[in-house]
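Undergrad: Structure in structure tokens, see below.
Taken together, the values in this text are just the output of simple stated rules run on the coordinates, not laboratory data. Predicted model, so just to flag it, every value in this text is computed and none were measured. Cβ atoms come from the backbone with ideal geometry, glycine included; neighbour counts cover every protein chain shown.
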Amino acid sequence: MNLSKSLYTRGLQCTKSLWLKKYNIEVLEKPDEAQQSVFATGDEVGELACQLFPNGVEVKFNRQDYDGMINITLNLIDDGVKNIYEASFNYDGIFVAVDILHINDDKSVEIYEVKSSTYKSKTTTKDLMKYIHDASIQYYVLNGLGYDVKKTSLVLLNSEYVRGEKLEIEKLFKIVDVSKDVLELQSAIPDKLKEFEIALSDKTNEPNIDIGTHCNKPYPCDAKNYCWQEQKNIPEYSVFNIFNLGSKKQIELYEQGIVNIDEIPDDFEMTQIQATTVQNYKSKTININKEAIKEFLDTLTYPIYHLDFETFQQAVPQYKGINPYMQIPFQYSLHIQDENDNLNHKEFLSKEAIDPRYELAKRLVEDIPDDVTVLAYNMGFEKGIIRKLAQSFEEFSTHLMAIHDNIKDLMTPFANQDYYDPAMKGSYSIKFVMPALVPDMAKAYKELEGVQNGGDAMNLYPQLGVTITDKDEIKVKRKQLLKYCKLDTLSMVEVLRKLKRTVR
């Protein structure tokens, strides 16, 4: 049957997805830049985790010679090597490469599956199940080959670890023993493999599996566009996009043959907010609660400081005071709007390949007084960034927390549905609000070069001075970052102007 551990877990999520990966790969979406970055992070974390089991030997991956990898592994075991990285085995047509295989003195073995995801004190077995399935097929293979597997563990990043002056590998990682959970899954594996074998024996006809919650859980499927748009003709905006409508309700409507929001029966059970969203969409009219919007606007005092941060993350903290995947601000844009609607713009973009936080915090308190209205869109993000900066840099703490306490949220009128336009498609994300209210701004984003959204900015900045080293290219990329972030706060200005016009 020729499966790998990744194909096995793909099949667990959806047998059709497995079939497509084997026989019709052209319909699968190729990994974008963000996904490629995730893969690179996984490689980085995997290499670092090997330091937990030192003096080991790596079996180099060779797609053209799996048998060679297996033979190298067997020779290393025979030679008495205690730690093998990417130890390779094949059993019953299933090939696995164990991230870290530890061989005990009594020849028993331990499996360690490394993931670049985080472990928190509140993490449950249910949270880890998608990784436990990954480990379980490795146990199945090694046990089938006759190895005495004493322990199976996940190696995850400890989200509660905060780096000091030096990186402490033992504290960075959390080793979670999942041996018991893996054993409980073993009895179900043969039936699953038989199911896969039957599906894959027909190379012409793909399995007839309908769309559902499995298309997104535990991972977003790269066949979703093929299954949803090409095969099922699910429109861009459908019952699957209704704000806060759970997946069970969405599937319930779908199974009743209802995909278009206009077709949802008036008596379909929903919350008040969901029902209002549906009714607003059906009416195809713009609904404006002028009184509520005016109340919101009256909470703002001039000058208004429109603020937007750009951040990036590090799976492995490189700077003191950073924990895995913490949002690290490297840039902000600030549009200052006075009562006569005049604008002044300020901005900050850190130098590349350094910890940007101190200089950013220093500039922020210089640019924003401690007694003015600061406006953000979805202020929880900006507030979180500022709180972290205040905790890290005591000299700016009082001023930063004053800024924090003065932040108002431009999202409020839209979250409360005091302003609703069907073009917002039931969402109050700036991604939908801004083009609905200010179409010209949406066009401006599309005309940007290099950086058109926050994901682009997040991926680009860490490359400057690291993988992008040409000085002229760095200058070009920095200009792209500045143009994008400036447009973010200018969009907020235009949205606020639109709100003000509605209550005149």
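Undergrad: Kindly provide the helix-only [θ] at 222 nm of the chain, computed as the sum of -39,500 (n - 2.57) over DSSP H runs of four or more divided by all residues, to the nearest 500 deg cm²/dmol?
TA: Values: 19 runs with 217 residues, N = 504.
Roughly -13000 deg cm²/dmol at 222 nm, from the helical runs in the chain.
Undergrad: Then there's this: Pull out a ≥ b ≥ c, the square roots of the eigenvalues of the alpha-carbon gyration tensor of the chain, then state rounded if a/c is under 1.5, prolate if not and a/b is larger than b/c, and oblate in the remaining case.
TA: Details: a/c = 2.37, a/b = 1.44, b/c = 1.65.
In terms of gyration-tensor shape, oblate.
Undergrad: Among rounded, prolate and oblate, which fits the range 378-474 when a ≥ b ≥ c are the square roots of the eigenvalues of its C-alpha gyration tensor, a/c under 1.5 means rounded, and a/b larger than b/c means prolate? Could the numbers behind the result be given before it?
TA: On the way: a/c = 3.15, a/b = 1.11, b/c = 2.84.
Because a/c hits 1.5 or more and a/b fails to exceed b/c, the range 378-474 counts as oblate.
Undergrad: Using a cut-off of 15 Å between alpha-carbon atoms, which aspartates and glutamates can reach Lys120, once sequence neighbours fewer than 8 places away in the same chain are excluded?
TA: Counting by Cα, and skipping residues close in sequence, Lys120 has these aspartates and glutamates nearby: Glu160, Asp177.
Undergrad: Then there's this: What shape does the range 239-343 have by the C-alpha gyration tensor, where a ≥ b ≥ c are the square roots of the eigenvalues, rounded means a/c under 1.5, and otherwise prolate means a/b greater than b/c and oblate the rest?
TA: On the way: a/c = 3.64, a/b = 1.37, b/c = 2.65.
In terms of gyration-tensor shape, oblate.
Undergrad: Pairs Lys115/Lys203; Lys346/Lys500; Lys107/Lys192; Lys122/Lys180; Lys174/Lys217; Lys130/Lys224: which are spaced more than 27 Å apart, C-alpha to C-alpha? Numbers along the way, then the final one.
TA: Values: Lys115/Lys203 33 Å; Lys346/Lys500 23 Å; Lys107/Lys192 30 Å; Lys122/Lys180 19 Å; Lys174/Lys217 24 Å; Lys130/Lys224 19 Å.
Lys115/Lys203; Lys107/Lys192, as the Cα separations exceed 27 Å there.
Undergrad: Could you give the length gained by full extension between Lys443 and Glu339, i.e. 0.36 nm per residue of separation minus their alpha carbon distance, to one decimal place?
TA: Length difference between fully extended and current span is 34.7 nm.
Undergrad: In which sequence would Phe53, Phe381 go, from the one with the fewest C-beta neighbours within 10 Å to the one with the most?
TA: Numbers: Phe53 18, Phe381 14.
Ascending Cβ contact count within 10 Å gives the list Phe381, Phe53.
Undergrad: Nearest 10 degrees, 0 to 90: what angle lies between the long axis of helix 471-502 and the longest principal axis of the chain (Cα atoms)?
TA: Helix 471-502 and the main axis of the chain meet at about 50 degrees.
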